[in-house]
Structure formats: structure tokens, C-alpha cells
Amino acid sequence: MPPKPRKPPPRKQSGNRNLLIAAGAAAAVVLVLVGASLLLRGGDSSGGGGGSGGVTGIEEAATLLDGIPQDRAVLGAPKAKVTLIQFEDLQCPICRRYQAEGFPGVVESYVRPGKVKLRMVGMAFIGPDSEKALLYTLAAGEQGKLWQFQDALYANQGEENSGWVTDALLEKIATGLGLDWAKLKKDADSAVTLQQANSMADEANQKQIQGTPAFYVQVGDQQPYQVNPSSFDPSAFASILDDALSS
């Protein structure tokens, strides 16, 4: 049976929280500039890794993605004919399953050979940890390692909205990946990163994304179309991508 996507919750009143507002029929969220720095600087700065003092998955992320070109949220050869678009929330446990079960096979069989490129569209509907994780992941794109950072975050995913996205965890991942931590913090708190997150939320709203992960395929400059793999097994994605490549 196909895995059931993590669905956005019903719209709730946000009170004094300035970072997120509900938007669109799909109840996706839009990041706004006002007050964002308060979220990024707030919260517990200790711990990490879902309550563990250490982190995992950094070496694996680096090995899997080593040598593959990336331009912020796009992974793979710029001239690849087919784009697989991934709508995801970094707190979503089903997204983590895809990252562990399906993503490596797609990368090795299609992205690394230059046949397919991936584009990440981040969402942050689950809560504050989603917001912080997304902004730091997008900021890692400024140093050319968005996809490594994303993969390592999934490997260390904690319970939803438990405060697992700590400064300590983010710094350990950044350091392990060879990122400039001071620059990462600054970029995560920048208008450019917030605007990028806004754009992703708008795209999710326009497509009325009803849950994560959700997948679209785009062939060349044609309109993207939604695909529904029967499982996260690489063979399920192979049939979809082979079909797109032959079109």
C-alpha cells in the first residue's frame, strides 16, 4: 500500500506569532518577514538529535551527494530533461521515510547520471521546528549544501514540535558538513531566505498540496504534473521517471 502523506492540520489562530500565517485551501503556511528573527534566536540552544547529544547521518549525506551539482533548492545537472519536485516538511515523519527509502535510489540512478534533477519545495505547516529547520536548510543553500543539510536533518528528526531543532543540533550539522556557522545563522535570518520560503509556500498553495510528501514531475518547460508512487521503493520512482524520460 502507498504511504499516507502527512496532512496539514486545520487552520488555527496564531495569536502573537508573527512568523506564520495560514494561507490557501490546502492550509499551507506562508512565512512573513515580521518578527522572524525572534524565532531563529529563540528556543533552547542545547541538545539536538531528538534529545541525543550527538548527531548522525552527516557522513552519509556527504557521501551520497558528493560531486553532484546543486543550486540552492535544485539538485542535479542543470540540463537534465526531467525535474522531480518534492513538497516536504522537515518535521514530517513520512518525508523522513521517503528520504531514507526512496531518495538515495533516485539520486544514484537518476540524479548522479545527469538524467533527472530534483527541486525541493519546503513547507512548514507542522509547527515552529518546521519553520526553523526550513529556514536553516534554505540558508545552507547559500553555501552550496542545502541537500546535505536537509538529509542530515532528516536523519536527526525528533518528535514533532518537541524543540528538537536546537541551535546546538544545527551547529553540529553545519560544522560536520564544513559550513560557516556564523554565515549560516546570518543567512537564515535574512530577507532573502524568508522570501524564498514565502515563494515555496505560495507554490504549495497554488497547487493545493494536501499533504507531505507530495511529488510532481516536470518534463522540460512543460507544466508539472502530480505523480503518486505506490511506495517509496526505488522501483516505484523508476517507473515514473523512466516514463517521463521517454516522453
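The values are calculated or read from the model by the stated rules, or taken from the named source; none is laboratory data. This is a predicted model, so every value here is computed, not measured. Note: ideal-geometry Cβ built from the backbone for every residue, glycine included; neighbour counts use all protein chains shown. Heads up: the accessible areas ignore ligands, DNA and RNA and are worked out on the full protein's heavy atoms, side chains in. Shrake-Rupley method; radii C 1.70, N 1.55, O 1.52, S 1.80 Å.
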Query raised in the report: What tally of residues in segment 49-96 results from selecting those that are among the charged types (D, E, K, R) and under 18 Å from T137 (Cβ atoms)?
Result: 6
Report summary line: Only one of (1) more than 22 Å from A124 (Cβ to Cβ); (2) outside any helix (DSSP H, G or I); (3) at pLDDT 95 or above does not apply to S247, and that is (3)
Query raised in the report: Which residues, taken from segment 85-121, are among the aromatic types (F, W, Y) and outside any helix (DSSP H, G or I)?
Result: F87
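Listed here are the residues, each with its yes/no results for (1) touching a residue at least 60 places away in the same chain (Cβ under 8 Å); (2) open to solvent by 40 Å² or more (accessible area, probe 1.4 Å); (3) of a type outside the set (A, V, I, L, M); (4) closer than 26 Å to K132 by Cβ.
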{"site": "L184", "(1), (2), (3), (4)": "no, no, no, yes"}
{"site": "Q208", "(1), (2), (3), (4)": "yes, yes, yes, yes"}
{"site": "Q226", "(1), (2), (3), (4)": "no, yes, yes, no"}
{"site": "S231", "(1), (2), (3), (4)": "yes, no, yes, no"}
{"site": "S235", "(1), (2), (3), (4)": "no, yes, yes, no"}
**Report entry** Any hit, segment 212-221, residues being open to solvent by 10 Å² or more (accessible area, probe 1.4 Å), over 12 Å from the mean Cα position of the chain (by Cα), modelled with pLDDT of 95 or more and under 13 Å from R72 (Cα atoms)
**Finding:** no
Query raised in the report: Could you say which residue among A100, A73, A124 is open to solvent by 40 Å² or more (accessible area, probe 1.4 Å) and within 24 Å of I209 (Cα to Cα)?
Result: A100
Report summary line: Exactly one of D89, D151 is touching a Ser or Thr at 6+ places or on another chain (Cβ under 6 Å), among the charged types (D, E, K, R), surrounded by 24 or more Cβ atoms within 10 Å (Cβ to Cβ) and closer than 23 Å to E203 by Cβ, and that residue is D89
Query - Scan of segment 222-241 for residues that are under 19 Å from the mean Cα position of the chain (by Cα) and hydrophobic (A, V, I, L, M, F, W, C), ordered by number - result: V227, F232, F237
Requested in this report: Would you mind telling me which numbered condition in (1) open to solvent by less than 20 Å² (accessible area, probe 1.4 Å); (2) over 30 Å from I240 (Cα atoms) E159 fails?
Outcome: (1)
Query - Only one of D71, D89 that is more than 20 Å from G163 (Cβ to Cβ), at pLDDT 50 or above and charged (D, E, K, R) - result: D71
